[in-house]
1. Restricting attention to segment 306-354, report how many residues are of a type in the set (A, V, I, L, M, F, W, C) and touching a Gly at 6+ places or on another chain (Cβ under 8 Å).
2. Tell me which of these CYS704 doesn't satisfy, since it passes every other one: (1) open to solvent by 10 Å² or more (accessible area, probe 1.4 Å); (2) in contact with a strand residue (DSSP E or B) (Cβ under 7 Å, 6 or more places away or on another chain); (3) at pLDDT 80 or above.
3. Could you check segment 75-114 and list, in sequence order, the residues that are farther than 22 Å from LEU197 by Cβ and aliphatic (A, V, I, L, M)?
4. Can you tell me which residue within segment 638-695, out of those that are out of contact with any Lys or Arg (no Cβ under 9 Å at 6 or more places or on another chain), outside any loop (DSSP other than H, G, I, E, B) and modelled with pLDDT under 75, is surrounded by the fewest Cβ atoms within 10 Å (Cβ to Cβ)?
5. With respect to ILE948, is the statement that it is more than 22 Å from LEU1158 (Cα to Cα) and open to solvent by less than 20 Å² (accessible area, probe 1.4 Å) true?
6. Looking at segment 415-426, which of its residues are among the polar types (S, T, N, Q) and open to solvent by 40 Å² or more (accessible area, probe 1.4 Å)?
7. Which members of segment 1114-1126 meet the condition of being assigned to a strand (DSSP E or B) and either touching a helix residue (DSSP H, G or I) at 6+ places or on another chain (Cβ under 8 Å) or open to solvent by 10 Å² or more (accessible area, probe 1.4 Å) (or both)?
8. Restricting the search to segment 1054-1113, which residues are polar (S, T, N, Q) and either outside any loop (DSSP other than H, G, I, E, B) or under 25 Å from LYS145 (Cβ atoms) (or both)?
Amino acid sequence: MAETKGKFDFAIDRGGTFTDVFARLPDGRERVLKLLSRDPQNYKDAPTEGIRRVLEEVRNGARAFPRHQPVDTSSIGWIRMGTTVATNALLEREGERTALLVTKGFKDLLHIGTQARPKLFDLEVAMPDVLYEEVIEVDERVVLKQDDCQLPRKDAKRVVTGSTGDSLEVWQELDLECVEKDLRGVLSRGITSLAVLLLHSYTWCDHEKAVGALARSLGFTQVSLSSEVMPMVRVVPRGYTVCADAYLTPKIRQYLKGFTSGFEGGLKEVDVLFMQSDGGLTPMDQFCGSRAILSGPAGGVVGYAITSYSQMEKMPVIGFDMGGTSTDVSRYAGQYEHVFEATTAGVTLQAPQLDINTVAAGGGSRLFFRSGMFVVGPESAGAHPGPACYRKGGPLTVTDANLALGRLLPSFFPKIFGPGENEPLSSEETMKHFRHLTQEINLSLISNQSQALRFTELLKMSVEDVAMGFIHVANEAMCRPIRALTQAKGHDTSQHALACFGGAGGQHACAIRRVFYVLLVISLFSVEEVQEPCSLQYEQRCFDELDRRVEQLSKRCHDTLGARGFDRSVTTEVFLHLRYKGTDCALMVTAAGSPSDAQSCRAGDFRSAFTKRYLKEFGFTIPDRAIMVDDIRVRGCGISGIKSVYKTKMGSGHAKPVTTTKCYFDDGYLDTSVYLWEELPCGHNIQGPAIIIDKNSTILVEPCCEARLTEGGDVCITVGSDPHCALGTELNTVQLSIFSHRFMSIAEQMGRVLQRTSISTNIKERLDFSCAVFGPDGGLVSNAPHIPVHLGAMQETVQHQVFRKGVSRPVFFVASRGHHADIGGMTPGSMPPHSTSLQQEGVFQEEAVTEALMAPAQYPDCSGTRNLHDNLSDLRAQVAANQRGSQLVGELIDSYGLAVVQAYMGYIQSNAELAVRDMLRDFARRRRQQTGSLEVESEDFMDDGTPIRLRVQINEEEGSAVFDFTRTGTEVWGNCNAPRAITLSALIYCLRCMVGQDIPLNQGCLAPIKVIIPPGSILQPSQDAAVVGGNVLTSQRVVDVIFRAFEVCAASQGCMNNISFGSESTGYYETVAGGAGAGPGWNGRSGVHSHMTNTRITDPEILEKRYPVILEQFSLRPGSGGAGSHCGGDGVIRKLLFRNKVILSVLTERRSICPYGLQGGEDGAAGLNLLHRANGRVLNLGAKASISLHPGDMFCLYTPGGGGYGREEEANRRPRSKLRRLNETFLERGSVFEYRMAQEGV
């Protein structure tokens, strides 16, 4: 594919708001055009209109190109396009009507998903709807063959071999007659798009192919098979992916049909390629929904990788794409960084994607002042109404802050604003809003009489101070994901350049880092990727088979790209999806830099490449552990050789500004020169402060910075040292927000070190840990992540004290807390259902670690730790995390001084205190008006009848409260006792939920609260009491009691449904979802975890692959949610059929006492634990049991539903809560977001 000569070539980015068109003209010149993506009054399609305008303009009237006629393509060489069509259809749920065909027993599998809720503290669990409209359950079943399976089955089984080499048993053949009847019914209702998802089809797809052939013959216009869309193990993400493909591909085809209809011949004679999510290009006929989600942002990554990365210097580059709604952050260091599973708009897709991390800090991010703190986002003004300066009644945003500071110049913007879209940006509207907000901020600070938040007239803020403050906070918010993205993989953030682009990026570039500002983007390669699953071990005896399969996949890539016109320019790269045996942490590894040898396969030394990358990302390797190959992927790349030929004009004179303006910086207003980008000569330096204006963006060169135009037309900015302004110990509300981000970032970086250097599955892969920073008094300052059950316990468990040279008392504390999976006791996992003393659950003390970990063996029926090596390794990792925290806090002290850092530790705590006091005052005011009383009380019961009683007395004037649990029941003989720290954790969680906005979660939350817990009660048991059930069960009941007292919402399932089974050779533990409680404006979510847990559940295919169990059913439990004007969520049904002998342990609650309804709503259904013996006997196991199971026994779990809210007869009289559109709420994405979601899903 050589560059076309004598013709027009086009590269187009069709975004959600604007479409950018880059054209290379026949004479080599380049033309850039920007237009609205949607303007139906003037044109049907923006890319077509952009091409038409360029052709007409260059022809200079020699030939007309009327809008109403198809464009002549004789002068067009090629078209490359990235588009957000698929993303917008997903966000706005405007895809094709789709049906899902799935294995019987799993009709609700994609509704339940991972069972984790997306926002930990939102009582209304708002999750995107599934993409399908109807579900067809097919009575077919295939299971993996296990050689040691002892399951007795009388019926004959057909044994087949999957693509991975695994043997499978066909337990239930496919009945195509029944399937045809169901499919015809779906077609009759107007649904013509079908997604097919059958268990284990990633390795054996015959049943899916048979269904697909039948559906196409019946007239379905789109049939997506999960085995073809993404043949990877794990049915849930594969199911989301195939549904997205079926849902979006017809919309893409519809768009492509409209696009091609605007050209003569439908573009059949023009080379047209579309950008995929992985950064490669693909022909129109292969552009599908599951690969198109990041089509637009991927173009930006490819662009800065080409223009900003130097093969000579090899300095890695961070991409910083700041748009109107959000900012995309990515990294390039000579190779594109991909992820193979990511979530967009609530849909988890199993497809290769560039690792683009989206954060809520774009030009349209809204500005708030909440409880004494500056807050930026995550809410966005969107394209409509947009920022206040757009003249459409919009709110204050980051764009308005830049305008207020003189960094945006309305006279250089087109007049496209206002209701008639014919007015300039409005500085007056922006300043009016800022004056109002500044007055509100100053009044708030004056009225606050807290000693920690004292205020004087000298600290009164101006409009400029407020606007500048929001800019600083926005910049700090954007720095956190940059740190996380680099440090998560063991890279030093300071050793990167920053490539900044996007409409709003240039205004913030200097404040973030050293910058290359990229103006032009062209994609240079076409990609074909093929993948298949694998179950081989990476060892000598398997290399021949690996080589054979790699060769087959490579040939497919060459053949496909050859058909596109890439003959000699095709290169292939082989990836193996590798993991250590017995772990879940798989890495997609390339052998680049690790050539093959006698001890490797022909594609390269993947063992060496895997161990090097594992050591880089996680800090250790497991030398004696086998390496497993989960997938084989080959990526073929056809290089086009097309390059930007932009030439800047050379000049001997200095750059001349077109005008001078006043811009506000930290030192006040400064004279700032304004330059036009197209008039800048190459190679001359521009000293800051300065503004460089391009047709599409504005670049701010701050003081102490220097800019120059490169030969390629990019603006290179060197950021000089920023003179540090001394910060005093008095409160600065802007610095309060910044320090809040800094302290949280320290805790997050500690967590990254802990996760990288730990070895156990619980900490490395389930991320069951917390790291925290504490003030000099031991009070919690910041905690990451927000695992609810850790919130109040961290201060109680601080072990690591940090002292600073020359200071005799502690300066601060850092601590890390991890869930050690086994520390001895009665049962593997240290969670016995019938323990009555602490020693039966295991023990840990810092002194004499090994002896303490083995001490439980001296008690009857107990063992010491069963994995001392992992325990000690994880403890070393916790020490490393604490050392990292100590180093980072030390650096903060070096920068600002000890007194300032300690003062802001106190201010952060006081800010949380203020938010809780405001909430309590507001509740007291409403309570007094309704009842005249400032006292509330409630009670609930454990299944054994033990009461938990709460009485709350509120002081409206102080905004304080006494939480009195005095009449709570005594310590119990079982293990449902909860240490005081658990009650404090539940209380902080409830307070945060009732505050209803993001606040620092620290010890300040409890400052207005006095907690009274009687010693010897179930909430403050004796030292040797068994407590494992208190952590996972009683904590939920405490939450229910608090919410009942405040009448916040009906009870959720009130249980974590702890299920574990094991033998001498295997062990497994899970918690299972139930129904969420309804509230005054919402129905409870079905099949989700609530309150004090958010654990993700093991994927059904992984469960059956690794453990001696068959998952017969996993679906919702209809009718288990309480009725009401708003209904409680339904619980779930989960049926496990055991293939071998195991010990089953069940630790549950809400089997006798139903989850309560509120305000006349009905109770949710209680849970039920049934055991179906192979001989037909059925047993009720009760709430807590440990029992031996035999092959053929089936455990059936029915989890509780949530309570209803309000009387059912009021349902028609109450206005239904408006469903929030996905594009009205910010949705993050990328590896940093996935990591945080995984950690909050513990």
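The values are calculated or read from the model by the stated rules, or taken from the named source; none is laboratory data. These figures come from a predicted structure and were not determined experimentally. Please note: Cβ atoms are built from the backbone with ideal geometry, for glycine as well, and neighbour counts cover all protein chains shown. In case anyone asks, the SASA skips ligands and DNA or RNA and just uses the protein heavy atoms, side chains included. Shrake-Rupley method; radii C 1.70, N 1.55, O 1.52, S 1.80 Å.
1. Here is the first cut: in segment 306-354, the ones of a type in the set (A, V, I, L, M, F, W, C) are 306, 312, 315, 317-318, 320, 322, 329, 333, 339-340, 342, 345, 347, 349, 351, 354.
Okay, now just the ones that are also touching a Gly at 6+ places or on another chain (Cβ under 8 Å), so 320, 322, 329, 339, 342, 354.
Residues flagged as of a type in the set (A, V, I, L, M, F, W, C) and touching a Gly at 6+ places or on another chain (Cβ under 8 Å) within segment 306-354 amount to 6.
2. The number of the failed condition is (2).
3. Result: ILE76, ILE79, MET81, VAL85, LEU91.
4. Per the stated criteria, the residue is MET650.
5. Values: more than 22 Å from LEU1158 (Cα to Cα): no; open to solvent by less than 20 Å² (accessible area, probe 1.4 Å): yes.
Considered against the rule, which asks whether it is more than 22 Å from LEU1158 (Cα to Cα) and open to solvent by less than 20 Å² (accessible area, probe 1.4 Å), ILE948 comes out as no.
6. Residues of segment 415-426 among the polar types (S, T, N, Q): 422, 426.
Across segment 415-426, the qualifying residue is only ASN422.
7. Initial filter on segment 1114-1126 (assigned to a strand (DSSP E or B)): 1114-1116, 1126.
PHE1114, SER1115, LEU1116, listed by residue number.
8. As a first pass, look at segment 1054-1113 and keep what is polar (S, T, N, Q): 1057-1058, 1060, 1063, 1065-1066, 1071, 1083, 1086, 1090, 1093-1095, 1098, 1113.
Of everything in segment 1054-1113, those that are polar (S, T, N, Q) and either outside any loop (DSSP other than H, G, I, E, B) or under 25 Å from LYS145 (Cβ atoms) (or both) turn out to be ASN1058, SER1060, SER1063, SER1065, THR1066, THR1071, THR1098, GLN1113.
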